[in-house]
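**Student:** Let me begin by handing over the structure; questions about it come next.
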Amino acid sequence: MGCLMTSSSRERLAKLTPGDVSAVIQMAWEDRTSFETIRERMGLTEPDVVRLMRTELNPSSYRLWRMRVKSRVTKHRALRSPEMKFDDHAIADHRRANC
């Protein structure tokens, strides 16, 4: 698995304002906000979010976040059970408004 960042990925991350970075971090920590919602709201792919979290968090916080994300089916819409009845768009909207 290579860790080279493409120029388009680098450009997407470089265009983020401090408020955008804060919003992405909030959404990434929120268990019910999926990576798909983050992409729709902020234009960042899951690998982009991982890169951002790695650079913005201290190493122990990043490791904790990665462990949480790997164990959460809610971070990916396709893995969710049909019984999950929450709207991650509404959660993301709420988080975005706090920036």
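The values are calculated or read from the model by the stated rules, or taken from the named source; none is laboratory data. Bear in mind the structure is a predicted one, so any value in this text is a computation, not a measurement. So basically every Cβ, Gly included, is an ideal-geometry build from the backbone, and we count neighbours across all protein chains shown.
**Student:** Which one of the conditions (1) surrounded by 13 or more Cβ atoms within 10 Å (Cβ to Cβ); (2) under 24 Å from E11 (Cβ atoms); (3) at pLDDT 70 or above does C99 fail to meet, given that it meets all the rest?
**Tutor:** Failed condition: (3).
**Student:** How do the helices (runs of 4 or more DSSP H) wholly within segment 1-65 filter down when requiring 2 or more residues that are modelled with pLDDT of 95 or more: which remain?
**Tutor:** Those helices (runs of 4 or more DSSP H) span 18-29, 46-56.
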